[in-house]
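Q: I have a structure here, written as structure tokens, and I will follow up with some questions on it.
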Amino acid sequence: MIEPHAPAPASGPRSLGGPVRSPLPVKPGTGRFLVLVGVFVCAACGLVYELELVALASYLMGDSVTQASVVLSVMVFAMGLGSLAAKRLRLRAAVGFGMIEALLALVGGCSAMTLYAVFAWTGDWGGAWAEGPRWLLVAFSLAIGVLIGAEVPLLMVLIQRIRRQDAGGAVADLFAADYVGALVGGLAFPFLLLPLLGQLTGALLTGAINALAGAVLVLGLFRRDLSRRARWLLIVANVTVLGVLATSWVLVDDFERAARHALFGADVRVAVQSGVQEVVLTGGGNRPGALFLDGRLRADGRDGGRPHRRLVDPAMSGGPRARVLILGGGDGLAAREVLRHRGVRRVDVVDPDREVVRLARTDPGLTAMNGRSLADPRVRVVTGDVFGWLRSAPRAAPYDVVVCDLPDPGSAASTKLYSQEFYGLVGRVLTDRGRLAVRVAGGGQALDTASATVRSAGLHLVAYRGGEGEKGVGYVLAGWTLPQAPAAGRVPRPGEGHAPSTLVHPRFGD
């Protein structure tokens with residue numbers, strides 16, 4: 001057996017990667033450490049790619065549980081395929097690993113921009129799984145998973161190339177570095193990359209780091225194992241990848257601006273990424289404004305506030321209304337409808353997004369839509385976790401009306417705001433004659449689910465459909481006593497009693 005640092009025989013076997021064994025430029029201990037550092041960096045980048053796809057798919061298509069399940073399960077399956085495919089590259093481990101990292105950096109780094117572009121310029125992804133954009137998400141998950149899966153077998157060959165050790169010890173070292181890298185990547189994505197750089201730029205930076213790590217490890221530590229042809233192939237590949245990523249970085253702002261115009265129209269005035277969601281405001285001048293949260297329309301100046309009246313007025317017209325609690329509603333639109341009713345003495349608004357509240361108070365277009373409701377002295381605004389606020393809310397001063405103007409249950413963070421525990425907490429802050437109003441998006445099945453959950457908390461309820469222009473939207477009106485729903489298609493005027501219900505849970509929109 002040839003020792004790790006013994007010169008290879010002149011007639012020894014060769015491949016595209018060059019001689020099988022050549023002296024390393026560093027001591028074995030240093031070389032082993034550098035390989036483990038490379039494993040650490042590549043693992044961190046790989047997990048960022050996975051989380052990036054999950055986050056972007058959840059943003060574009062909603063239902064974060066489904067998107068996470070699809071992306072992660074496809075990736076894990078693909079990693080197995082990549083491990084099997086890597087067996088063919090064992091004799092070319094150095095050049096094979098270098099090319100895989102360059103390709104992974106290109107595919108992973110550009111995946112977010114590609115998916116966002118397809119969504120922006122081809123329309124909504126709400127159709128069947130046979131649609132192209134959805135399959136593109138699966139294709140990226142599959143490709144990235146195959147490339148990630150091929151890393152460890154090749155790194156196993158390279159670390160054994162430096163110093164022979166038993167297979168169990170080598171695997172333990174590699175997986176320890178791999179798992180620690182995954183931990184760092186998993187924490188860096190939500191706490192560093194996403195808030196500071198955003199989804200697109202964060203993916204590009206991750207791809208650049210991935211490419212540099214692979215190139216430095218192979219061209220630096222294992223350069224004597226590479227033939228001249230293989231060396232130049234890796235140099236050209238990595239320079240090309242870094243050039244593509246750098247060009248995309250320079251153009252990312254213009255790309256995002258063009259994509260937003262394609263999604264929301266040419267009159268986008270404000271587009272900010274808060275710590276909770278992306279907030280987009282359109283309109284201005286003589287054009288009616290609109291508010292989008294994470295790409296979904298939340299308020300449209302052209303509808304005259306009718307959706308919020310359908311949410312608020314039935315609850316406000318059914319009994320006492322001196323104290324009102326609005327959960328969500330940081331845009332001030334639900335508060336505007338609440339304040340139209342006589343007898344309101346106090347309105348508490350609890351919203352998780354400080355940026356939405358700030359814009360609702362300062363942006364001219366949004367303040368025109370909400371009637372400057374948040375400036376009313378009867379309104380008090382609290383920013384923070386809605387669920388946590390309810391858990392600590394004092395029971396000594398219950399509310400006559402609670403309005404849930406919350407994000408759609410499309411993410412894991414918002415799903416808990418439609419749970420039995422959540423409605424149980426809401427029931428604790430309601431008076432004996434108190435009413436609860438909930439807006440539900442997603443069609444009849446979503447309304448059925450929300451109604452069953454509210455009922456499981458011990459509240460009586462009725463459900464009613466949204467009006468014209470509110471396809472797939474329904475409302476739940478609940479309380480400790482059986483409330484009455486408004487007549488179908490009709491919203492009562494402020495202070496008016498309810499008409500007898502003509503539409504009762506479970507179906508709507510039929």
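Q: Looking only at segment 213-250, which residues are more than 20 Å from GLY181 (Cβ to Cβ), among the hydrophobic types (A, V, I, L, M, F, W, C) and surrounded by fewer than 20 Cβ atoms within 10 Å (Cβ to Cβ)?
A: LEU219, TRP232, LEU233, ILE235, VAL236, VAL239, LEU242, VAL244, ALA246, TRP249, VAL250
Q: Among the candidates GLY283, GLY202, single out the residue that is modelled with pLDDT under 90, in contact with an Asp or Glu (Cβ under 9 Å, 6 or more places away or on another chain), buried (at least 16 other Cβ atoms within 10 Å of the Cβ) and farther than 18 Å from GLY38 by Cβ.
A: Numbers: GLY202 fails: modelled with pLDDT under 90.
After ruling out the rest, the residue left standing is GLY283.
Q: When you look at VAL146, is it within 18 Å of VAL54 (Cα to Cα), assigned by TED's automatic domain parsing to the domain that holds CYS110 and touching a Gly at 6+ places or on another chain (Cβ under 6 Å), yes or no?
A: For VAL146, the condition - within 18 Å of VAL54 (Cα to Cα), assigned by TED's automatic domain parsing to the domain that holds CYS110 and touching a Gly at 6+ places or on another chain (Cβ under 6 Å) - is met.
Q: Next up: Any residue in segment 90-100 that is within 22 Å of the chain's Cα centre (by Cα), buried (at least 23 other Cβ atoms within 10 Å of the Cβ) and assigned by TED's automatic domain parsing to the domain that holds GLY185?
A: Checked segment 90-100: no residue is within 22 Å of the chain's Cα centre (by Cα), buried (at least 23 other Cβ atoms within 10 Å of the Cβ) and assigned by TED's automatic domain parsing to the domain that holds GLY185.
Q: Look at SER274 and say whether it is among the small types (Gly, Ala, Ser) and crowded, with 19+ Cβ neighbours inside 10 Å.
A: Working: among the small types (Gly, Ala, Ser): yes; crowded, with 19+ Cβ neighbours inside 10 Å: no.
No: the conditions fail for SER274.
Q: Go through segment 335-378 residue by residue and tally those that are within 30 Å of the chain's Cα centre (by Cα) and not in a helix (DSSP H, G or I).
A: 7
Q: Hey, another quick one. Listed residues LEU81, LEU53; which is within 15 Å of the chain's Cα centre (by Cα) and within 16 Å of ILE144 (Cα to Cα)?
A: After ruling out the rest, the residue left standing is LEU53.
The values are calculated or read from the model by the stated rules, or taken from the named source; none is laboratory data. These numbers were taken from a predicted model, which means no experiment stands behind them. Reconstructed Cβ throughout: ideal geometry from the backbone, glycine too, with neighbour counts over all protein chains shown.
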